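Student: Below are the structure tokens for one structure; questions will follow.
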Amino acid sequence: MGVLILTVLAFAVGSSLVMGFYLAASRVPAMLVQRRLDARLQEISQPQEVEDTQTKLLKVHHEGALPAFDRLVGSTARGPALSRWLEQSGTKVSPSGLLLMVLAAGGIMALITGMVFRSPWGLPLGAVIGAALPFLVLKVKRTRRMRTFEEQFPEGLDLIARALKAGHAFATGLKMVADEMPEPVGPEFRKTFDEQNFGLPLKDSLDNMTHRIPLIDVRFFATAVLIQRETGGNLSEILENLAHVVRERFKILRQVRVYTAHGRFTGYVLLALPAVLCVAMSFINPEHMNLLFREPMGQMMLMGALGMQTVGYLWIKQVIKIEV
């Protein structure tokens, strides 16, 4: 009787979870779209008050948990580059916040490796790996954000070109992109429009944009706009041609990814094969595998294997890397 009751309860809980996930997957996207639509309509129907304009003219610098450390980093030669790198990743992390994350991740990973390997080299190895994790995560986020911007950038150029054809000014086209385009294109064009609208010369605003977004397409865009301002010409046609060139380059990049898929897959397999075999041998013959973790020679072999695996992966990555 007790087993039957537990079975019925397990079936009821499982069915409830499945139905809950189904309802969430079917209704949550529509709710989010409706919420964004309501917020957009509210922004249109309720104009911003004039008294808030004075406060928005100032750039807001988010200070972290250690403001003194942020100021110290900002005064160094590499400090602005680090802050710009954090901004390009799309995160609201200050240099001091990054420092705290590095210390926390390094300490946690050092404790984990120390308890697992029970060796003197476990603590420094874990600390190095843990300290590198926040930088790797931010680098991945920055790369994804740059790729997203690069994919959305032609749509922004077409929007500016259509605005110019309709008779609007270039600044109006920037504002339309800032209002219509999603993250990250919209916020970046918003910054450029605000800088230009608040009195900064257009050249400086576009230069700031090229520093925030270090992409060759953005540099082409800024150069084309500045040359057209000096020599004249049809800017809408120039922007349409630039958008076409960017799209064609993406087509070539996708073809290159298809041609190099075999090499990339080979690199992933070669990188994962030793780790999978290590896990499998740990279940098949644990005593045989434990020698690698207990004996000094085995530990040295593991370190050498990790080093060679890393070098091999980087080598294969450079072989299949084709600049377009």
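The values are calculated or read from the model by the stated rules, or taken from the named source; none is laboratory data. Model, not experiment: these values are computed from the prediction. Note that each Cβ is placed from the backbone with ideal geometry, even for glycine, and that neighbours are counted across all protein chains shown.
Student: Which ones in the range 229-241 are surrounded by fewer than 17 Cβ atoms within 10 Å (Cβ to Cβ) and at negative phi? Walk me through it before giving the result.
Tutor: The first filter runs over the range 229-241 and keeps only residues surrounded by fewer than 17 Cβ atoms within 10 Å (Cβ to Cβ), leaving 229-234, 237, 241.
Selection gives Arg229, Glu230, Thr231, Asn234, Glu237, Asn241.
Student: What number of residues in the range 310-322 are in contact with a helix residue (DSSP H, G or I) (Cβ under 7 Å, 6 or more places away or on another chain) and either closer than 22 Å to Cys278 by Cβ or part of a helix (DSSP H, G or I) (or both)?
Tutor: From the range 310-322, those in contact with a helix residue (DSSP H, G or I) (Cβ under 7 Å, 6 or more places away or on another chain) are 312-313, 316-317, 319-320, 322; that's our starting set.
Checking which are either closer than 22 Å to Cys278 by Cβ or part of a helix (DSSP H, G or I) (or both) leaves us with 312-313, 316-317, 319.
Selection size over the range 310-322: 5.
Student: I've got another one for you. Is it the case that Gly304 is farther than 30 Å from Leu157 by Cβ and either surrounded by 12 or more Cβ atoms within 10 Å (Cβ to Cβ) or within 25 Å of the chain's Cα centre (by Cα) (or both)?
Tutor: no
Student: Just checking, which of Gly307, Gly298 is assigned to a helix (DSSP H, G or I) and at pLDDT below 85?
Tutor: The match here is Gly298.
Student: Something else: Among (1) at pLDDT below 90; (2) assigned to a helix (DSSP H, G or I); (3) over 27 Å from Leu82 (Cβ atoms), which single condition is Gln196 missing?
Tutor: Among (1) at pLDDT below 90; (2) assigned to a helix (DSSP H, G or I); (3) over 27 Å from Leu82 (Cβ atoms), Gln196 violates only (3).
Student: So, in the range 136-179, how many residues would count as being surrounded by fewer than 17 Cβ atoms within 10 Å (Cβ to Cβ), among the hydrophobic types (A, V, I, L, M, F, W, C) and farther than 12 Å from Ser89 by Cα?
Tutor: Here the count works out to 3.
Student: Do we find that Glu188 is loosely packed, with under 15 Cβ neighbours inside 10 Å, in contact (Cβ under 8 Å) with a residue 12 or more places away in the chain and outside the structural domain of Gly304 (by TED's automatic domain parsing) in this structure?
Tutor: no
Student: Please pick out the residue among Asp204, Asp217 that is of a type in the set (Asp, Glu), assigned to a helix (DSSP H, G or I) and in contact (Cβ under 8 Å) with a residue 12 or more places away in the chain.
Tutor: Unique residue meeting the criteria: Asp217.
Student: While we're looking at this one, here's another question. Every residue in the range 194-228 that is surrounded by 18 or more Cβ atoms within 10 Å (Cβ to Cβ) and touching a Ser or Thr at 6+ places or on another chain (Cβ under 8 Å), please.
Tutor: Glu195, Gln196, Ser205, Leu206, Met209, Val218, Ala222
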